Amino acid sequence: MQASPHDLTFHPDPPITRSERVTDYLDHLSGPLLSHLPLRERHVFRAEAEDHLYALIAEHEASGLLTAEEATTTALREYGEPWKVGTAFLEAWQARGGEGESGVRRGSRPYAAALTAFAFFGLGSVVTIGILQASRVLLKPNPILWTVLMVLVFVSPILAGCAVAYRAYTKPARAVCVGMLPVLCHSLLTAWMMLPFDEFLTLAAVQGGYWLPVGAGCASLVFNLRQHRRRQTYLRRVLS
């Protein structure tokens, strides 16, 4: 006999098992590693985390003070928020230079983001200094050169920050600071050598007061947006 379409009897979902809770935790734990770690390293990390979780659960159950469900909940809480744990592991892997079990470095090296910042800021600084020097040679303001200069000064930190966000594993703002430091030192040295002309000292002040904070801010913003989008895409795939 077929059930009536008007039968609105509520059928509760079966309780979530321990293995399902652990699997869900591990799925979230692996989220920050996607598109960064090679497949083998992700599987090794996930397997180690799973072993530690079940060891913690068994330890709490052996105490006799907690039920099976309470032991699972306590173990998951003790292990930490999964996204933060995954991010911490990613930072440690980056600090080792992205070196896997085989000892072969994979992907971008940890200083790739800082080198990207140095390349973008350095290029912008060299072109800006060149325009300033050309303006002094011409001995009169050139509207085209000054328009290019203003656009370059405004856009350089934004482009640099976005580029760093796509190269950084973690902490993009720190990469911007590291990459900007030699550029700023070069600008200060150039300003000292070009005294009493103050245009170059103004450039150094703009780099320290505008390029550095704006570049770091753009890098952090774009990086966090990419992480959020990656996390939401991953969660939708898991929950679908």
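The values are calculated or read from the model by the stated rules, or taken from the named source; none is laboratory data. Owing to the predicted nature of the structure, the values given are computational and were not obtained by experimental measurement. Neighbour counts are summed over all protein chains in view; Cβ atoms, including those assigned to glycine, are modelled from backbone coordinates with ideal geometry.
Which of the residues belonging to the range 169-210 are within 30 Å of Ala88 (Cβ to Cβ) and outside any loop (DSSP other than H, G, I, E, B)? Pro172, Ala173, Arg174, Ala175, Val176, Cys177, Val178, Gly179, Met180, Leu181, Pro182, listed by residue number. Under 28 Å from Ile144 (Cα atoms), at pLDDT below 85 and out of contact with any strand residue (DSSP E or B) (no Cβ under 7 Å at 6 or more places or on another chain): is that true of Leu132 in this structure? Answer is yes for this residue. Looking across the range 31-75, just one residue is hydroxyl-bearing (Ser, Thr, Tyr) and either in contact with a Cys (Cβ under 7 Å, 6 or more places away or on another chain) or touching a residue at least 60 places away in the same chain (Cβ under 8 Å) (or both), and that is Ser35. Considering every residue within the range 120-131, establish whether at least one is surrounded by 15 or more Cβ atoms within 10 Å (Cβ to Cβ) and farther than 21 Å from Met194 by Cα. Yes: one or more hits.
Looking across the range 20-51 at every residue that is polar (S, T, N, Q) and at pLDDT below 85, the one that is surrounded by the fewest Cβ atoms within 10 Å (Cβ to Cβ) is identified as Ser35.
Might you let me know whether the range 192-206 holds any residue that is in the same structural domain as Thr116 (by TED's automatic domain parsing) and closer than 27 Å to Leu225 by Cβ? Checked against the condition, which is being in the same structural domain as Thr116 (by TED's automatic domain parsing) and closer than 27 Å to Leu225 by Cβ, the range 192-206 yields at least one hit.
Does the range 182-193 include one or more residues that are within 22 Å of Val126 (Cα to Cα), free of Cβ contacts under 8 Å to residues at least 60 places away in the same chain and within 17 Å of the chain's Cα centre (by Cα)? No, every residue in the range 182-193 fails to be within 22 Å of Val126 (Cα to Cα), free of Cβ contacts under 8 Å to residues at least 60 places away in the same chain and within 17 Å of the chain's Cα centre (by Cα).
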